[in-house]
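Working notes for the structure below.
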Amino acid sequence: AIDCCLLALGRHPEQRWEPGVTIWASALTWDLWENILLPEILTWLPPERVIDHPPPKQRSTKRVVTIRADNGKLSYIVGKSAEQGAAKYQSARVNHVWMDEEHPESVWDEIQPRLLRFGGTTICTATPLLGLTWMFHRIYNPWRKGKLLEHYCSHAGLADNPSIEAPMIEAITKEFENDPAQAAARLYGKF
């Protein structure tokens, strides 16, 4: 969310485009968009820069957060949902896409051509709970082998979050002691 907001405002430390920019913030479901992504985005935007936005944590057909960037131009963070299907990711030009959690591969395939015009970027924040999926085989493993130099992957999990205290980490560790793969995914972001 912070990444999207900084890009929309024109404050990102690696800003590639002058605002106005178009950014997609995509969740797996509309419920997740309305209850998680949208409120988080609104948390990181200066209220005086938000021109219009959907109501957070409410059902709405409105999906666009309109922001006045530092240069005075308008940027847009557009809500998307994987439950729309891959076809709803077609025929657009965007600067940046944030996919929260692992989306279907067909959605990834539709997003990539949308980024071409602007040399756009994607960021995916996902706990790898699904195991060795397309994301592992197509992105992570080739990156790990040095074959996808334009990609960057990192691991972070609950154990890396400074706001989660040791007793909670211990409780989660105990909860998943019989499923080491789930423990590794949740605690350390490992496939």
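The values are calculated or read from the model by the stated rules, or taken from the named source; none is laboratory data. Because the structure is a prediction, the values reported are computed rather than measured. Methodologically, a virtual Cβ is constructed for each residue, glycine included, from the backbone with ideal geometry; neighbour enumeration extends over all protein chains shown. Side chains are part of the model used for accessible areas, which takes the heavy atoms of the whole protein and leaves out ligands, DNA and RNA. Shrake-Rupley method; radii C 1.70, N 1.55, O 1.52, S 1.80 Å.
Brief remarks on what is shown
- Hits in the stretch 13-38 - residues which are aromatic (F, W, Y) and either out of contact with any Ser or Thr (no Cβ under 6 Å at 6 or more places or on another chain) or open to solvent by 60 Å² or more (accessible area, probe 1.4 Å) (or both): W17, W24
- Test: residue in the stretch 172-182 that is among the small types (G, A, S) and open to solvent by less than 60 Å² (accessible area, probe 1.4 Å): no
- Taking the listed residues E150, E110, the one that is closer than 28 Å to A8 by Cα and buried (at least 16 other Cβ atoms within 10 Å of the Cβ) is E110, with no other qualifying.
- Hey, I41 over 19 Å from G120 (Cα atoms), crowded, with 18+ Cβ neighbours inside 10 Å and not acidic (D, E) or not: yes
- Within the stretch 47-88, being more than 16 Å from the chain's Cα centre (by Cα), of a type in the set (S, T, Y) and in a strand (DSSP E or B) holds for T66, S75.
- Remark: pairs (first residue in the stretch 23-46, within 14 Å of L6 (Cα to Cα); second residue open to solvent by 30 Å² or more (accessible area, probe 1.4 Å) and of a type in the set (F, W, Y); Cβ separation under 9 Å; 6+ apart in sequence or on different chains) = I23/Y76.
- Per this entry, S91 is not counted among residues that are open to solvent by less than 60 Å² (accessible area, probe 1.4 Å), more than 22 Å from T127 (Cα to Cα) and either touching a Leu at 6+ places or on another chain (Cβ under 8 Å) or assigned to a loop (DSSP other than H, G, I, E, B) (or both).
- Which numbered condition G157 misses (of (1) without any contact (Cβ under 8 Å) to a residue 24 or more places away in the chain; (2) under 18 Å from T125 (Cα atoms)): (1)
- Selected residue (criterion: nearest to the chain's Cα centre (by Cα)) from residues of the stretch 1-40 that are within 18 Å of E102 (Cα to Cα) and assigned to a loop (DSSP other than H, G, I, E, B): A1
- With respect to the conditions (1) open to solvent by 90 Å² or more (accessible area, probe 1.4 Å); (2) modelled with pLDDT under 90; (3) under 23 Å from A1 (Cβ atoms), H155 falls short on a single one, namely (1).
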